[in-house]
Amino acid sequence: MRIGILGAGALGCRLGFELAGIPGVEVRLLARSPGPDWVEVEGHGRRAVERGGADGPVDLLLVLVKAGDTREALAWAGGAVGQSTVLLTLQNGLGNAETLAEMAGPERVLVGTTAMGATLTGPGIVRPGGEGPTRIAPWVPEGMAAERAAAVAALLQAGLADDPARLLWSKLVINAGINALTAVLRVTNGGLLERPSARRLMEQAAREAYHVALAEGVILMDDSVEQVARVAAATAQNRSSMLQDLERGRRTEVEAINGEVVRRGRDYGVGTPVNQSLLELVRAMER
């Protein structure tokens, strides 16, 4: 099996390392930036992983670039997409699956979420973080992706979900509550729980996202809002990707997370004042 990983960030490198250890699997990191042809995971050694542009079609393309870069990145890596290629997005936020479906066909798209953590400490060097679950689902119920979903799930040691919208919204509710607020306050996830006012804002942002999901017809678990506090506690030492992006002067994924909550809330007549404020604050900090 040939696997391409579009995006050589921390998660892309970690998954590249894991997949390169499976017999019969050939992995290539699709990245324009130079880097080593290996990946090292601290405490687990080093494995050879090719890096460069597309060198032909792959069987599975993992899309891990930042939300907002999906269209341009996939166009650049178009040579990796052949007639039998299935694409899997494990990106944050909403809108990525729609972009992949538009460009490659909805029947070829898998969506997923992962709680696997990773931090790049140097070129090709990854510090592993959390070991949370990965779950995937076909974007549409029939077609190539649906037929190969179980095999891809086995490859990634992931669970299979039957509702892609619920899968994505469940993660978005949590990200909407945690990511932007940690970036604005410059604190770890656990820092939100140490300040009563921050905790209230976190829960309000998550609750707004929950109600937008309901308006869109997505039925989430009853404890979806309470889950955001549990996740913040379980990842207390984590510095969110949005906080790291701001610290490094990079564009964040706020548009695909809080921005999508605001835009879809407007479409359905659901108020999202906390998400709107977080969106504007992060936009201001980016500029």
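Which one of the conditions (1) surrounded by fewer than 19 Cβ atoms within 10 Å (Cβ to Cβ); (2) outside any helix (DSSP H, G or I) does residue 166 fail to meet, given that it meets all the rest?
(2)
Output the residues belonging to segment 127-158 that are open to solvent by less than 30 Å² (accessible area, probe 1.4 Å), part of a strand (DSSP E or B) and modelled with pLDDT of 95 or more.
Once the filter is applied, which keeps residues that are open to solvent by less than 30 Å² (accessible area, probe 1.4 Å), part of a strand (DSSP E or B) and modelled with pLDDT of 95 or more, segment 127-158 yields 136, 137, 138.
Return the total of residues in segment 119-139 being over 19 Å from the mean Cα position of the chain (by Cα) and farther than 18 Å from residue 45 by Cα. So that I can check it myself, show each step before the final result.
Within segment 119-139, the first condition is being over 19 Å from the mean Cα position of the chain (by Cα), and the residues that meet it are 121-125.
With the extra rule that they be farther than 18 Å from residue 45 by Cα, the set shrinks to none.
Matching residues across segment 119-139 total 0.
Against the condition open to solvent by 70 Å² or more (accessible area, probe 1.4 Å), under 25 Å from residue 238 (Cβ atoms), among the small types (Gly, Ala, Ser) and modelled with pLDDT under 95, how does residue 117 come out, does it pass? Spell out the reasoning first.
Working: open to solvent by 70 Å² or more (accessible area, probe 1.4 Å): no; under 25 Å from residue 238 (Cβ atoms): yes; among the small types (Gly, Ala, Ser): yes; modelled with pLDDT under 95: yes.
Criteria not met by residue 117.
For segment 90-110, check the following and say yes or no: at least one residue is closer than 30 Å to residue 42 by Cβ, of a type in the set (A, V, I, L, M, F, W, C) and outside any strand (DSSP E or B). Write out each step before concluding.
Keep residues of segment 90-110 that are closer than 30 Å to residue 42 by Cβ, which gives 90-93, 96, 110.
With the extra rule that they be of a type in the set (A, V, I, L, M, F, W, C), the set shrinks to 90, 110.
Of the ones still in play, those that are also outside any strand (DSSP E or B) are 90.
Yes, segment 90-110 contains at least one residue that is closer than 30 Å to residue 42 by Cβ, of a type in the set (A, V, I, L, M, F, W, C) and outside any strand (DSSP E or B).
For segment 172-224, which positions are of a type in the set (Gly, Ala, Ser) and either touching a Ser or Thr at 6+ places or on another chain (Cβ under 6 Å) or within 17 Å of residue 271 (Cβ to Cβ) (or both)? First the steps, then the outcome.
Taking segment 172-224 first, the residues of a type in the set (Gly, Ala, Ser) are 176-177, 180, 183, 190-191, 197-198, 205-206, 209, 213, 215, 217, 224.
Selection gives 176, 177, 205, 206, 209, 213, 215.
Read through the list (1) over 22 Å from residue 80 (Cα atoms); (2) modelled with pLDDT of 95 or more; (3) of a type outside the set (Lys, Arg); (4) over 14 Å from the mean Cα position of the chain (by Cα), then give the number of the only condition that residue 172 fails.
Here residue 172 clears every test but (4).
Which condition breaks for residue 215 when tested against (1) open to solvent by 60 Å² or more (accessible area, probe 1.4 Å); (2) within 26 Å of residue 98 (Cα to Cα); (3) over 20 Å from the mean Cα position of the chain (by Cα)?
The number of the failed condition is (1).
Would you mind finding the one in 131, 102 that is touching a residue at least 12 places away in the same chain (Cβ under 8 Å), of a type in the set (Asp, Glu) and under 25 Å from residue 257 (Cα atoms)?
On inspection, the qualifying residue turns out to be 131.
Output the qualifying pairs, or none if there are none: Cβ atoms under 7 angstrom, residues six or more apart or on different chains, first residue in segment 197-222 and touching a residue at least 60 places away in the same chain (Cβ under 8 Å), second residue among the charged types (D, E, K, R).
Here the result reads 212/264, each pair linking segment 197-222 to a residue that is among the charged types (D, E, K, R).
Quick check, is residue 14 of a type in the set (D, E, K, R), in contact (Cβ under 8 Å) with a residue 12 or more places away in the chain and over 20 Å from residue 156 (Cβ atoms)?
Values: of a type in the set (D, E, K, R): yes; in contact (Cβ under 8 Å) with a residue 12 or more places away in the chain: yes; over 20 Å from residue 156 (Cβ atoms): no.
No; evaluated as a whole, the condition is false for this residue.
How about segment 45-84: which of its residues are assigned to a loop (DSSP other than H, G, I, E, B), at pLDDT 95 or above and over 19 Å from residue 103 (Cα atoms)?
Within segment 45-84, just 49 meets the criteria.
Just to verify a result, which residue in segment 228-251, among those that are closer than 27 Å to residue 266 by Cα and modelled with pLDDT under 90, is most open to solvent (accessible area, probe 1.4 Å)?
241
The values are calculated or read from the model by the stated rules, or taken from the named source; none is laboratory data. These numbers come from a predicted model, not from an experiment. Counting neighbours? That spans all protein chains shown, and the Cβs are built from the backbone with ideal geometry, glycine included. Keep in mind that these areas ignore ligands, DNA and RNA; they rest on the heavy atoms of the full protein, side chains included. Shrake-Rupley method; radii C 1.70, N 1.55, O 1.52, S 1.80 Å.
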